[in-house]
1. Each residue of the stretch 243-253 in order: what ³J(HN,Hα) in whole Hz does its phi give by Karplus 6.51 cos²θ - 1.76 cosθ + 1.60, θ = phi - 60°, with x for Gly and Pro?
2. Grab the beta carbon distance between Glu198 and Glu342, set R0 = 25 Å, and tell me the FRET efficiency rounded to 0.05.
3. Please list the non-local residues whose amide H lies under 5 Å from the amide H of Val60, H modeled 1.01 Å from N, same-chain partners needing a gap of 5 or more.
4. Quick one: order Glu13, Glu198 from most to least accessible surface, probe 1.4 Å.
5. Calculated FRET efficiency, Arg325 and Leu70, Cβ-Cβ r, R0 22 Å, to nearest 0.05?
6. In whole Hz, what ³J(HN,Hα) sequence does the stretch 355-365 give by Karplus (6.51, -1.76, 1.60; θ = phi - 60°), x for Gly and Pro?
7. From the phi angles alone, apply the Karplus equation (6.51, -1.76, 1.60; θ = phi - 60°) to the stretch 308-317 and give each ³J(HN,Hα) in whole Hz, x where the residue is Gly or Pro.
8. Spin-label point model (7 Å from Cα, Cβ direction): what's the Ala353 to Arg114 distance in nm?
Amino acid sequence: MRVAIVTESFPPEVNGVAHSVLRTAEHLVRRGHQPLVITPAPARGAHCPPHSFGPDAATVPVVRIPSLPLPGYPQVRIALPSRQLAAAISGHRPDLVHLAGPFVLGARGMEVARSLGVPAVAVYQTDLAGYAHAYRAGRGLGEAAAWHRIRTVHRAAARTLAPSTPAAQDLTAHGVPRVRLWPRGVDSARFHPGHRDEALHRALAPGGEVLVGYVGRLAPEKRVDLLAGASALPGVRVVVIGDGPSGPALRAAMPGAVFLGRKTGAELARCFASLDLFVHTGPLETFCQTIQEAMASGLPVVGPAAGGPLDLVGHHRTGLLVPPRDGRAVTAAVAALAADPELRAAYGRAGRADVTARSWESVGDLLLQHYAEVLAEHRGEGVGGNVGGGVGSRAGTGPAVGPAGPGDGPGTGPGPAGVEDVPAPPNGSPDPAGPGGLPAATVGGGTAAPAPVIVEGQPA
């Protein structure tokens with residue numbers, strides 16, 4: 001199968017979209033397919049690290065479209081209009097076009113796919129409407145415009161893949177049809193409790209403090225400022241890993257915290273495993289890969305009861321869910337777990353057990369099943385019956401989540417609930433068995449080694 005992957009982000013950028021696209025390309029090569037990656041070019045002079053996995057490595061060609069930085073957020077690159085996109089897609093002669101987080105380049109990729117008569121699969125990965133609200137774009141007009149853009153692109157797709165049950169429900173409520181679930185994998189060999197470094201722990205917590213970590217971008221939508229109360233707790237040391245425009249303000253707000261900057265690869269895995277507790281504060285996560293990486297590292301997790309974390313964190317089993325945007329709730333949850341090392345250990349073991357079957361290999365095979373169904377539908381062959389349920393069905397790639405909703409209606413996900421000793425998750429929200437509402441057995445299959453991929457031209 002020949003697949004053109006049009007993505008808004010790709011390494012050397014470090015984010016969920018870039019990482020999942022790299023893993024997707026690796027898996028396609030591993031299964032004998034031929035991917036082409038098309039992405040905005042990084043900033044001039046940016047180092048694109050090579051990816052080499054042995055002397056017999058296959059190659060993934062990458063076409064980088066000229067780009068400009070997003071005003072106010074230069075880490076995000078926006079591709080400029082270019083004939084190079086259409087030439088790259090048509091020249092690859094794809095059977096299918098994969099649009100990763102389509103918004104600017106992906107929207108143009110959709111137009112090219114339609115002109116060529118090639119089916120497109122659109123992967124929803126970023127809550128752009130929520131980001132518009134977080135950045136107060138146009139006093140609400142930005143949020144409405146973002147949903148209009150999302151609907152326009154995704155309605156043209158043969159299938160939209162959502163990473164979690166809440167994301168799928170939100171898309172359906174806002175009028176996006178043909179939504180299915182496709183979660184994300186985690187490398188549970190790289191992210192492993194065995195990588196804990198006691199010397200690093202002692203260096204970060206010389207007084208024996210409990211290390212409470214956050215990993216991710218330092219940007220307004222991530223609400224890392226909600227950790228300020230936890231950073232003032234006695235016996236607690238907050239460790240922040242990542243960079244971004246909010247870095248200076250966060251350093252001023254949390255003078256007792258340790259800021260390690262951006263970490264990747266084995267160094268990031270060592271940092272994860274050397275923490276005692278992981279906290280994610282962002283209320284706009286459609287999935288939240290760092291929660292999976294923390295769980296694979298054997299850490300208990302505190303996360304917001306909103307979006308992707310609802311599918312990942314088992315409240316009072318693998319961690320604690322708190323009402324989103326509630327700093328006092330975050331502080332209470334951290335205090336409760338900091339005071340109970342046995343409970344932290346139990347949650348960490350349960351979390352590790354939850355994610356070990358969520359390999360990138362199994363998730364990649366699930367994506368290939370989506371591809372096969374889309375191609376069969378495009379040829380008018382049908383799919384041959386249901387292979388599983390939609391949202392909440394817990395099996396297979398499934399039928400559409402539900403009928404398309406009207407215009408800009410609100411999402412259908414549950415809201416925050418009351419407070420026990422620490423805030424509880426929304427009423428009636430069960431602990432899911434696996435990512436995206438799928439049981440671990442559905443997407444499991446062990447941890448796969450990285451595929452043999454080298455990127456031609458500009459390395460990935």
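1. Those phi angles translate into 9, x, x, 8, x, x, 5, 5, 4, 6, 7 Hz.
2. 0.85
3. Distant-sequence amide H within range of Val60: Ile454, Val455, Glu456.
4. From most accessible down to least: Glu198, Glu13.
5. Calculated transfer efficiency: 0.40.
6. Coupling constants for the stretch 355-365: 9, 5, 8, 8, 6, 5, 5, 5, 5, x, 5 Hz.
7. Running phi through 6.51 cos²θ - 1.76 cosθ + 1.60 with θ = phi - 60° gives x, x, 4, 7, 9, 9, x, 4, 6, 9 Hz.
8. 5.0
The values are calculated or read from the model by the stated rules, or taken from the named source; none is laboratory data. Just so you know, these numbers come straight off a predicted model, no measurement behind them. Ideal geometry is used to build each Cβ from the backbone, glycine not excepted, and the neighbour counts take in all protein chains shown. SASA here: full protein model, heavy atoms, side chains in, ligands and nucleic acids out. Shrake-Rupley method; radii C 1.70, N 1.55, O 1.52, S 1.80 Å.
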